[in-house]
Amino acid sequence: MTNKVVIGILIFLVVLSGGLCAYSYTLGQQIKALSVQLGVYQKEQSAQIGAVSDRVTTIRREALVRIGTLDGEIANLEDGIATLAGEIGTLEDEMGGTLIKVGTLEHEMRDIATELPQSVINADRVYQRVRNAVVRVSDGERTIGSGFMIDTTGHVVTAHHVVERLSTIYVVLSDGRSSKATVAGSCEYSDIAVLTLDDKRLVVESPTLADSVMVRIGEPVVTVGSPFELTETLTSGIVSQTGRFAEIRYGLRTRWVANLIQFDAAVNFGNSGGPLLNSKGEVIGMVIARVDPNEGDGIYYAVSSNKVKRVATSLIDQGFFDYPWLGVEIADLTPEIMQDRALETTNGVLVNRVLPDSPARVSGIKVDDIIVAIDAVAVRDVGDLNSYLGEHKSPDELVSLTLIRNTTKLEVSLRIGKRRS
């Protein structure tokens with residue numbers, strides 16, 4: 001029994017040993033095959049790596065060549081930029097010179113544009129622009145004077161002397177419509193009155209009031225009015241002078257009026273109260289008078305637009321205008337006075353009288369004082385002084401006067417009074 005077991009074990013060991021040998025052989029063959037495959041793979045990988053390395057080397061060489069080319073191109077570009085910068089600098093210099101020329105040309109063009117209105121006016125265009133705003137002032141039977149709309153609330157400006165004696169007032173438009181009107185306020189010293197229309201449906205667009213300080217001597221002007229019942233009459237001329245102070249005759253009476261523009265566009269009875277217009281169709285004054293034909297011709301007066309605006313605004317707001325007053329009687333200097341007083345010029349005004357209880361008396365102004373400036377503004381004559389007061393000053397305001405007393409220059413401050421009736 002024991003022998004059979006031993007024999008079986010031996011047989012098993014022999015079979016096992018044979019199986020192990022066969023497995024070892026097979027495993028060796030597989031390892032050998034894998035080794036061959038690994039060798040082939042390594043060769044393939046080496047070939048690929050070599051190819052990639054060659055490609056990288058080629059790309060690197062190409063890149064270096066390209067970089068060299070770019071360096072050259074960049075250098076050329078930098079040279080081109082430097083050249084262009086030089087050309088731009090030259091161009092900027094040329095443009096600078098051109099801009100200076102353009103600036104000079106613009107100034108010249110502005111000067112020309114400023115000068116043109118002094119020599120050219122399209123009278124028809126001005127007439128068409130303002131004709132609807134220019135009105136006739138009537139007593140119900142005949143035309144007494146002219147006027148023009150000053151706002152959109154039914155106010156008409158005209159001359160004080162046109163309406164001062166009228167008990168009934170009608171305003172007639174260019175299209176024939178009419179309305180009764182009442183006096184909102186009137187100032188005889190300025191010869192300005194404001195009417196209020198009863199019928200507000202007659203209100204039309206008012207013309208622009210220009211700054212009369214900008215009016216120039218020789219500037220062309222036109223007037224629109226109704227002289228001798230000749231409605232909507234237009235006349236043209238030029239500005240002859242500004243800042244006039246003239247004695248105006250009203251029937252049997254005379255009255256001194258300041259802030260006058262002198263012009264030579266023909267006006268007659270019925271023109272009073274109408275507008276004096278510049279080349280833009282702006283109102284630069286209100287017509288009030290002409291020199292008596294027996295004394296001369298071609299001299300007509302209009303109250304400046306700045307004075308009209310100032311007085312009319314006060315008349316509309318409060319029904320009156322307090323006219324500034326110093327309380328002195330003054331006269332223009334003459335060559336004889338200039339020589340006697342050893343003056344260098346006839347510019348200034350001589351004080352002939354100082355009224356009692358007047359601002360001038362309170363401030364110490366004396367007869368024979370010469371006023372040469374007001375608020376540091378030079379005074380050439382009586383017109384300058386009165387025009388400045390009329391356009392810039394009101395009662396209770398302070399004013400500074402520069403005087404020459406004997407040979408001494410003085411500064412006097414006074415509080416302006418209200419002109420007495």
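Given the options 35, 167, 314, state which has the largest fluctuation in a GNM of the chain using a 10 Å cut-off (strictly under) for Cα springs. It is 35.
Along region 371-385 the Karplus relation, 6.51 cos²θ - 1.76 cosθ + 1.60 evaluated at θ = phi - 60°, assigns HN-Hα couplings of 8, 10, 7, 10, 6, 6, 9, 4, 10, 8, 7, 4, x, 4, 5 Hz to successive residues, with x for each Gly and Pro.
The 3J(HN,Hα) values that the Karplus relation (6.51, -1.76, 1.60; θ = phi - 60°) gives for region 167-173 are, in residue order, 8, 10, 10, 10, 10, 10, 7 Hz. Gly and Pro appear as x. Take the alpha carbon gyration tensor of region 279-348, find the square roots of its eigenvalues, order them as a ≥ b ≥ c, and report rounded if a/c is under 1.5; if not, report prolate when a/b exceeds b/c, else oblate. Note, shape of region 279-348 comes out oblate. Lys-Lys pairs in the chain that are eight or more residues apart or on separate chains and whose Cα atoms lie under 28 Å of each other come to 19.
By DSSP, the beta bridges lying fully in the chain are antiparallel in about 100 percent of cases.
As an exercise, find the ratio Rg/Rh for the chain from alpha-carbon atoms, using the Kirkwood inverse-distance average for Rh. Please list the in-between numbers first.
Details: Rg = 51.8 Å, Rh = 29.0 Å.
Here the Rg-to-Rh quotient is 1.78.
Taking 7 Å steps out from each Cα toward its Cβ at residue 376 and residue 11 produces label points 14.6 nm apart. Using a Gaussian network model of the chain in which every pair of alpha carbons under 10 angstrom is joined by a spring, one finds that among 68, 319, 176 the greatest mean-square fluctuation is at 68.
Taking the mean number of other Cβ atoms within 10 Å as a proxy for protection, how do you rank 400-408, 71-79, 286-294, 270-278 from highest to lowest?
Numbers: 400-408: 14.4, 71-79: 10.3, 286-294: 19.3, 270-278: 29.7.
Descending mean neighbour count gives 270-278, 286-294, 400-408, 71-79.
Using Cα pairs under 8 angstrom and six or more residues apart, how large is the relative contact order of the chain, in percent? Walk me through the intermediate numbers first.
On the way: 789 pairs, mean separation 46.5, N = 421.
Value for the chain: 11 percent.
Computed over region 324-418, the convex hull of the alpha-carbon atoms projects to a mean area of 5.3 nm². I'd like the orientation of helix 2-115 relative to the chain: the angle between its Cα long axis and the longest Cα principal axis, in ° from 0 to 90, rounded to 10. It is inclined by approximately 20 degrees. Backbone amide hydrogens, once placed in the peptide plane, bring residue 250 within less than 5 Å of 255, excluding anything fewer than 5 places away on its chain.
Mind jotting down a quarter of the surface of the convex hull over the alpha carbons of region 123-318, in square nanometres, one decimal?
On the way: hull surface 39.0 nm².
Averaging across all directions leaves 9.7 nm² for the Cα convex hull.
With R₀ fixed at 30 Å, the C-beta to C-beta distance from residue 88 to residue 67 puts the FRET efficiency at about 0.50. What the phi angles of region 187-204 give under the Karplus curve with 6.51, -1.76 and 1.60, with θ = phi - 60°, is a coupling list of 10, 5, 5, 9, 6, 10, 9, 10, 9, 10, 6, 6, 9, 6, 6, 7, 5, 10 Hz, glycine and proline written as x.
For the pair region 210-279 and region 318-365, the centres of their Cα atoms are 27 angstrom apart.
Close amide H contacts of residue 242 (hydrogens built in the peptide plane, cut-off under 5 Å, sequence separation of 5 or more or a different chain): 262.
Here, region 371-421 is characterised by an Rg to Rh ratio of 0.98, where Rg is the alpha-carbon radius of gyration and Rh the Kirkwood radius.
Translational diffusion of region 149-239 was estimated from the Stokes-Einstein equation, with Rh taken as the Kirkwood radius over Cα pairs; at 20 °C and 1.002 mPa s the coefficient is 145 µm²/s.
Each value in this text was obtained by applying a stated rule to the coordinates, not by laboratory testing. Worth saying up front: this structure is predicted, and the values here are computed from it rather than measured. All Cβ positions, even for glycine, are placed from backbone atoms using ideal geometry, and neighbour counts span all protein chains on display.
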